[in-house]
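Encoded as structure tokens, the structure appears first; notes follow it.
The values are calculated or read from the model by the stated rules, or taken from the named source; none is laboratory data. Being a predicted model, the structure only gives us computed values, none of them experimental. Note: ideal-geometry Cβ built from the backbone for every residue, glycine included; neighbour counts use all protein chains shown. Accessible surface is based on the protein model in full, side chains and every heavy atom, while ligands, DNA and RNA are left aside. Shrake-Rupley method; radii C 1.70, N 1.55, O 1.52, S 1.80 Å.
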Amino acid sequence: MSSPRIVVTGIGASSPIGGTAPESWSALLTGVSGSRTLEYDWVEKYQLPVTFAAQAAVRPDTVLDRPVAKRLDPASQFAMVAAMEAWADASSPEVDPERLGVDFATGIGGVWTLLDAWDTLREKGPRRVMPMTVPMLMPNAAAGNLSLHFGARAYARTVASACASSTESIVNAVEHIRAGLADVVIAGGTESAIHPITLAAFASMQALSRRNDDPATASRPASIDRDGFVMGEGAGVLILETEEHAKARGAKIYAVVAGGGVTADSYHITANDPAGTGAARAVEMALAQADASADDVTHVNAHATSTPVGDPNEYQALKAVFGSRVDEIPVSATKASTGHLLGGTGALEAIFTVLALRDRVAPPTINLTEQDPAVPFRLSGEPTPLGDGDQLAITNSFGFGGHNAVAAFRSA
């Protein structure tokens, strides 16, 4: 028996370059940078070595009703905003609650709630710690609250595989639908970790760019002068369902989720395998599920974080799959615009990949000054037409812990 085709019928996003998915896509195509100087007193108070980040363009607590926002950590607020947009975009599917699932992700979870509660405990004592602290800080809070809001009773699962998290949640959602666990799934990821402790910790690892004097150009994947990633925040959500279910209710279809691959490097807790073996295997798994070959891929949304080591390692991984053709495929490194949303980044980039297929255009990669010869991807500072005919695109996500996740999308 053949597996059902899984399609994308709704998208929603809250990102550093837009408060919605359409706004984020429009800003991406026009080369907007979401990175800017942080206007908080704690930047100076703690003498942080990095004074900028890619904050969300629209604060989620200005979108949600106040009582809802107060009981959610910012990470869950972003998730709720993006999911409400995606659900409405999918025309609010009528589905049996026991056939509606949630596959959601975060890399860190409710860090703001956790550390604010710690400050309260130290300064005011245990009686002042909020009763809702644990339900707000737990990593599965976003999935649980989405399940409650939309009445999803099939399941509500959480992935926490660092920066691969939300791509893995999309791959899991496809597997769960094909396994017959749900007809419709709310899939995606979220992160809100622009906090002094995370900025200090990533800076201590030499992972962040230190272009404090020019934040807008700090994220520069594949540039020879790149010096680290830019912390971002926000969420991305996709509504996934079987093609049969979508057509029966007359839903619009953005794209087909053709396949996915999830692997582990088992190499190092923070560094990816320089040989790219695990990453390459994830790409190959995604293509195998899509019943496609490397020659069929017409676009790649690269993980491309702008770190000195990560970018060339990803190139080597893709070269192992595509051979010399890797230099011909239009590649987009969208973190140049959005920064790195950690656990939310894969879902946002999946949305960009879906929209690239819909509009048949690869979005530009900004801030590319002199391209590093070790990362000779086909990148462009302008949108690149993808042409007519069937399109197959992949989006890559790699995370601390050696996690690799790749999703393949086919034009509808």
Matching residues, segment 253-306, being without any contact (Cβ under 8 Å) to a residue 40 or more places away in the chain and of a type in the set (Gly, Ala, Ser):
ALA271, ALA288, SER293, ALA294
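Residue by residue, here is whether (1) in a helix (DSSP H, G or I); (2) modelled with pLDDT of 95 or more; (3) under 13 Å from GLY232 (Cα atoms); (4) not hydroxyl-bearing (Ser, Thr, Tyr) holds:
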position: GLY343; (1), (2), (3), (4): yes, yes, yes, yes
position: ILE351; (1), (2), (3), (4): yes, yes, no, yes
position: ALA356; (1), (2), (3), (4): yes, yes, no, yes
position: PRO364; (1), (2), (3), (4): no, yes, no, yes
position: ASN367; (1), (2), (3), (4): no, yes, no, yes
Report whether or not ALA82 is small (Gly, Ala, Ser), over 17 Å from the mean Cα position of the chain (by Cα) and closer than 18 Å to ILE194 by Cβ.
no
Determine which single condition LEU342 fails, assuming it passes every other condition in (1) surrounded by fewer than 18 Cβ atoms within 10 Å (Cβ to Cβ); (2) more than 19 Å from SER26 (Cβ to Cβ).
(1)
Scanning segment 372-389 residue by residue, those in a loop (DSSP other than H, G, I, E, B) and touching a helix residue (DSSP H, G or I) at 6+ places or on another chain (Cβ under 8 Å) turn out to be ASP372, ALA374, VAL375, PRO376, PHE377, PRO383, LEU386
Here are PHE400, PHE352: which of them is open to solvent by 10 Å² or more (accessible area, probe 1.4 Å), touching a residue at least 12 places away in the same chain (Cβ under 8 Å) and aromatic (Phe, Trp, Tyr)?
PHE400
Within segment 230-333, helices (runs of 4 or more DSSP H) holding 2 or more residues that are at pLDDT 95 or above and within 21 Å of the chain's Cα centre (by Cα)
277-289, 310-322
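This table checks each residue for (1) surrounded by 19 or more Cβ atoms within 10 Å (Cβ to Cβ); (2) without any contact (Cβ under 8 Å) to a residue 12 or more places away in the chain; (3) under 24 Å from ALA193 (Cα atoms).
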residue	(1), (2), (3)
CYS163	yes, no, yes
SER166	yes, no, yes
ALA173	yes, no, no
ALA179	no, yes, no
Filter result (farther than 30 Å from HIS245 by Cβ and assigned to a loop (DSSP other than H, G, I, E, B)) within segment 183-204:
SER192, ALA193, ILE194, HIS195
What residue, among those in segment 213-238 that are under 30 Å from THR62 (Cα atoms) and of a type in the set (D, E, K, R), is surrounded by the fewest Cβ atoms within 10 Å (Cβ to Cβ)?
ASP213
Per the list (1) in contact with a His (Cβ under 6 Å, 6 or more places away or on another chain); (2) open to solvent by 20 Å² or more (accessible area, probe 1.4 Å), residue check on VAL361 breaks on (1)
Qualifying residue in segment 52-62 (condition: more than 20 Å from GLY189 (Cα to Cα) and crowded, with 19+ Cβ neighbours inside 10 Å):
yes
Given the conditions (1) open to solvent by less than 10 Å² (accessible area, probe 1.4 Å); (2) closer than 30 Å to SER324 by Cα; (3) in contact with a strand residue (DSSP E or B) (Cβ under 8 Å, 6 or more places away or on another chain); (4) not acidic (Asp, Glu), report the number of the one that GLY276 does not fulfil.
(3)
Out of ASP96, ASP73, sole residue that is in contact (Cβ under 8 Å) with a residue 40 or more places away in the chain and buried (at least 22 other Cβ atoms within 10 Å of the Cβ)
ASP73
Keeping to segment 175-215, report how many residues are under 19 Å from SER306 (Cβ atoms), under 20 Å from the mean Cα position of the chain (by Cα) and of a type in the set (Gly, Ala, Ser).
3
Residue hits (segment 317-340; closer than 19 Å to ALA57 by Cβ and either among the β-branched types (Val, Ile, Thr) or in contact with a helix residue (DSSP H, G or I) (Cβ under 6 Å, 6 or more places away or on another chain) (or both)) are THR334, SER337, THR338
For GLU382, indicate whether it is under 20 Å from SER26 (Cβ atoms), open to solvent by 50 Å² or more (accessible area, probe 1.4 Å) and either in contact with a Gly (Cβ under 7 Å, 6 or more places away or on another chain) or acidic (Asp, Glu) (or both).
yes
Some residue of segment 239-252 being open to solvent by less than 10 Å² (accessible area, probe 1.4 Å), touching a residue at least 12 places away in the same chain (Cβ under 8 Å) and touching an Asp or Glu at 6+ places or on another chain (Cβ under 7 Å)
yes
